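A short reminder: the numbers here are calculations on the coordinates, not readings from a lab. Everything quoted here is computed from the prediction, not taken from an experiment. Methodologically, a virtual Cβ is constructed for each residue, glycine included, from the backbone with ideal geometry; neighbour enumeration extends over all protein chains shown.
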């Protein structure tokens, strides 16, 4: 039995009856799924019937932290938020940092399961095990920052940490997110699920700390990880100072920084407007997550021009793409303003920006006109039109109401060949990296259980030329099935389940990731996991997620790409001529499925499920 690390309790909240009860965290759950995304996805698989409506009261919204959260481990204040996604219909899981995850653990819980639907707007307060349901009518319509400030004032305690939705979540926009401080559980429409339950916010306050099973061993393990962080050639020297925007320059040089809805990758250089040098000029301070010595989150302020006064905790690399390069905007102040508005409305920056880029291409091709855009000249580069369209998405007005459904559903409604320009996989919009020039990164987009999601199996070997577990050729297809499985399983457990910041895996401990996690988790909890056990947890979780999606009707045909990726080579730059053909994809999928022990259709075999100890529902 675990002896520390975990708070040891699950809080199950029924919004329909306004009741809450505590349950113990079973040892089998801890040992086989570790925490975070593992806890959340296993619970959804066990408790949701196939075909459950994503926006119905039967869907469950789950917040889960890992055994390292609030233990003093660097960069471990992370949580998984999960539900059936209203955007994709698949598993919806997003990670968020900040202070809420640590506060939730200190309040006494490893997982909070939200069930049912309130008959009126409410918010929940949780303070050291005491749960209360409060009227949220006066909060209706509030932006996320005001919501958090108002709740703290009402409770008379500014130490509460709050996760909430904005106007988009209240309106159940399928790309709505959940915001705590300015961190977001950003993708897959989890804010819409929260809104469907009439839940405006969760406020947590805790004064406890999880026990540490073996304090001296834990201290040694933590020191070893901290040393690896200090020894990293980029973590403190570059990443801590610039954050993820420094990747804009590198991806441009590699020819895989996506431009104008992926139609002009390599043809246009936006480094001058969006790259690190410009971003650095606007940094005014940092805002680190709980227990984070790296502090990659750079706060930027626009001091002049039409967007003067806008402040953003970012924009991160992905947002610089989605509200910058993919909409043809290379004016950083506009990106900062758009980023802040997304945070306030409570909408995912990636899906929102890609949806607008999609609409801009349709407008320029004449597939939609000013009649469809309410008079907006929705051309690439028109940042004023982009910002107005964000508001329309959040408030479900005009074309914005359609784009807020995601590019897949929007294309189905618009027709006229528009699906060819919808940059999505399984209904989830593509992140920044143009995977025509990074094949394992692309295979991850195609096979990730959430849809196109760079964080589920980030191919740092291709993106940063890190030779772990081996050096790879980013253009090659052979071997990418095996590599993608390793990336997905390793990242799932060491980051999403433990829960730890993914940047450590990429920059500090990639060669010892599973052993590092085993050392820390064993010392904190008293469990006896090996590095192989740890990796197996990641594999187990990915298989359970696959089974969930199969139950929702997903098959091999959904492990694919937009037409552009498969038929249009990159036209210029360092990755000129690259694409991922159907033949390339099929070869990589066959290898990937074989490595996973799945059949040709992508279904886990009985033998593999038995080996992993997974029972079909």
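General observations
- Taking packing as the residue-averaged number of other Cβ atoms within 10 angstrom, the listed peptides 342-352, 404-414 run from highest to lowest as 342-352, 404-414.
- Note on segment 435-612: Cα convex hull, mean projected area over all directions, 10.3 nm².
- Inter-centroid distance (Cα atoms) of segment 364-442 relative to segment 534-584, Å: 21
- Here Cα extents along the principal axes in Å was computed from the coordinates, and among (1) 70, 68, 59; (2) 89, 56, 48; (3) 62, 56, 48 the match is (3).
- Normalised contact order of segment 341-445, rounded percent, pairs of Cα under 8 Å and 6 or more residues apart: 26
- Length available on full extension from residue 610 to residue 567: 0.36 nm per residue minus the Cα-Cα distance, which gives 11.5 nm.
- Site pair residue 157 and residue 465 shows an inter-label distance of 5.2 nm when each label is modelled 7 Å from Cα along Cα→Cβ.
- Between segment 113-186 and segment 239-280, the Cα center-to-center distance that results, in Å: 35
- Amide N of segment 6-22 lying under 19 Å from the label point, which is placed 7 angstrom from the Cα of residue 137 along Cα→Cβ: 16-18
- Beta bridges by DSSP in segment 9-205, antiparallel share as percent, to the nearest 5: 75
- When you count the other C-beta atoms within 10 angstrom of each residue and take the mean per peptide, 523-535, 417-429, 444-456 line up highest first as 444-456, 417-429, 523-535.
- Each of residue 371 and residue 3 was given a label point 7 Å from its Cα along the Cα-to-Cβ line. The distance between the two points is 7.5 nm.
- Take the Cβ atoms of residue 473 and residue 295, set R0 to 30 Å, and the FRET efficiency comes out at 0.30.
- Between residue 397 and residue 219, the FRET efficiency from the beta-carbon distance, with R0 = 60 Å, is close to 0.60.
- Overall Cα dimensions of segment 81-149, principal axis frame, Å, largest first: 32, 30, 25
- Ranked by how many other beta carbons lie within 10 Å on average, peptides 24-30, 208-214, 315-321 from highest: 315-321, 208-214, 24-30
- Estimated from helices alone, the mean residue ellipticity of the chain at 222 nm is -11000 deg cm²/dmol (sum of -39500 (n - 2.57) over DSSP H runs with n ≥ 4, per residue).
- What the Cβ-Cβ distance of residue 234 and residue 308 gives, at R0 = 35 Å and to the nearest 0.05, is a FRET efficiency of 0.60.
- For the chain: relative contact order, % (alpha-carbon pairs under 8 angstrom, 6 or more apart): 17
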